[in-house]
Amino acid sequence: MPETIYDVAIIGSGPAGYTAAIRAGQWGLKTCLIEKADVLGGTCLHVGCIPTKALLFNAEIWDHLKQAKEFGIEGLNQPKLNWQAVQQRKNKIVTKHAKGLEFLMRKNKVTTVEGWGKLTGAAKDGVFDVEVFTEGGGGAGGEKNHVKAKKVLLATGSEARMLPGLEPDSRVLSNIEILSLNQIPKSLVVVGAGAVGVEFASIYRSFDCEVTILEMLPRLVPIEDEEISKELLKAFNKRGIKSQLGVKVQRVEKTKDGIKVAFSDSEGKSQTIEAEKILIAVGRAPRTENIGLEKTKIKPERGFIQVNEWMETTEPGVYAIGDIVAGFPQLAHSGAMEGIVAVGKIAGKPVKPIDRNRIPSATYCEPQIGSVGLTEAKAKESGRKIKVGKFPFIGNSKASIVGSHEGFIKVVADEQYGEILGVHIIGPQATELIAEAVTAMELEGTVEDLMNTIHAHPTLYEAMLDGFNSVYGLAINV
């Protein structure tokens, strides 16, 4: 039988890879999806976004139960948490969606191959040869197969960075280990206050764990607008989450019952803290080693791959998407759209490049954070004259109804034309509410357009209306 030559081979089945595979199948491309694990979905589905958000939802319900009396519900003075049931529910959700991906591959006629995919060099006569090792990325003892394809998409994802000298174990945790704890620790140190760090801090504090955050930079969620960082710090302080900012971790030692962390504080003074466990959440490293880049024209920078507007690398016919791409946020939804753009280019379909200022960020701690576009500081740095509006959720009736009226909506706009430059939300359902701002910016709507858009009452969503009105000092409910 003649050897199969695919239109596109995709290495990695996370959100970037599986989205690209599904869209390629929908557009009639003969597609092969190569995945080193025995399940599809990558980090996001199995040890990232999905299980984390499942735990966060459990934490939200638990917090509501603790406030049941306020909502007129009695008899819940001593609710009992079944941690094993919490973990089982999380695992059930993951399994359901992993099986869903298998179905979607069959539905869209995508061939899946289990193994470690590795480029062997440039295309020969217009065809790439991808080696697929069944074990260890080509280590001793592994069997080797070959996949032939006209185009290749690299979607190999990322892995948690660790502090020098540390390896994950039962006390030193990465995002993987902390998702499968047998019981809730009594105390936890979180190193890093990005999205991963503050989300896990929020989860375990809800379950009455003593949590301390150590962050090298001077504020929590440092990529967000500065006012968002200040509001989150205030909320975390109120919840009893301790935050040490501007610190440098010097060493982590094992003790009889846990760990001890030595660090210098923001004033340079040496301090130590002990806890049962420590979570290292200092970012994610692109997984681009041992995938054959050295046999191509691709020259990674700190592991990241440079691409053009269509996600093409410097090696003709090879594309890169997801967490390995330089200059793009390491977000599942960003990677998914990058996959759609790349496959669209390959298939000759009408897609458009991604505007990086229109990629939303969503952080699911309590309170939630949703943002898109420029922060106030970045907008000022651009040299434009700007106007800023801010509306507090305390003025929104639905926020009072659901018992979550802290936080605010902040809008950064161009003074002359009313162009929406950025929207930053901290408060109830912020990760959902940000969608309106993303849509408006994608459609090049102005502040005035949103001011004239009728928002249903009573909703959290209508706080957005007041947020946009506040740019011109015209908010109704404050």
Taking the solvent-accessible surface of protein heavy atoms with a 1.4 Å probe, what is the per residue accessible area of the chain in Å²?
48 Å²
I'd like the distance between the alpha-carbon centres of the range 58-133 and the range 170-247, rounded to an integer number of Å.
22 Å
Hey, what number do you get for the chain at 222 nm if only DSSP H runs of n ≥ 4 count, each worth -39500 (n - 2.57), divided across all residues, to the nearest 500?
-9000 deg cm²/dmol
Among the GluC sites (Glu not before Pro) within the range 350-415, which fall in a DSSP loop and have no more than 15 other Cβ atoms within 10 Å of their own Cβ?
E415
Run the numbers on the range 285-345 and let me know its relative contact order in percent, using alpha-carbon pairs under 8 Å that are six or more apart.
27 percent
Once the convex hull of the C-alpha atoms of the chain is built, how many Å³ does it hold per residue, rounded to a whole number?
178 Å³
Charged-residue dipole, Cβ positions (Lys, Arg, Asp, Glu), the chain about Cα centre, Debye nearest 20
740 debye
Search the structure for amide H atoms under 5 Å from the amide H of R219, placed 1.01 Å from N in the peptide plane, and list their residues when 5 or more places away or on another chain.
G246
For the range 185-284, the percent of accessible surface on carbon and sulfur atoms (probe 1.4 angstrom, ligands and nucleic acids excluded) is 49 percent
For the pairs K186/K230; K99/K299; K66/K387, note any where the Cα-Cα span goes beyond 31 Å.
K99/K299; K66/K387
Heavy atoms of F133 accessible to a 1.4 Å probe, total area in Å² rounded to 10:
20 Å²
Taking the alpha-carbon centroid of each part, what is the distance from the range 16-42 to the range 351-407 in angstrom?
33 Å
Test of understanding: what is the full-extension gain from I273 to K99, defined as 0.36 nm times their sequence separation minus their Cα-Cα distance?
58.4 nm
Please turn the phi angles of the range 29-41 into ³J(HN,Hα) values with the Karplus equation 6.51 cos²θ - 1.76 cosθ + 1.60 (θ = phi - 60°), one per residue in order, whole Hz, x for glycine and proline.
7, 6, 10, 10, 10, 9, 9, 6, 7, 8, 9, 8, x
Hey, what did the chain get for relative contact order, percent, Cα under 8 Å, at least 6 apart?
14 percent
Count charges around L56 for me, please; just the other residues with Cβ under 9 Å from its Cβ, Lys/Arg as +1, Asp/Glu as -1.
-2
Residue separation times 0.36 nm, minus the C-alpha to C-alpha distance between D125 and V478: what's the value?
120.4 nm
Given a 1.4 Å probe and heavy atoms of the protein chains only, how would you sort V47, V447, largest accessible area at the top?
V47, V447
Relative to the present Cα-Cα distance, how much length would full extension add between D355 and I5 at 0.36 nm per residue of separation?
122.7 nm
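The values are calculated or read from the model by the stated rules, or taken from the named source; none is laboratory data. Here the structure is a predicted model, which means the values were calculated and not measured. With ideal geometry, Cβ positions are generated from the backbone for all residues, glycine too; neighbour counts draw on all protein chains shown. These area figures cover heavy atoms from the full protein model, side chains too; ligands, DNA and RNA do not enter into them. Shrake-Rupley method; radii C 1.70, N 1.55, O 1.52, S 1.80 Å.
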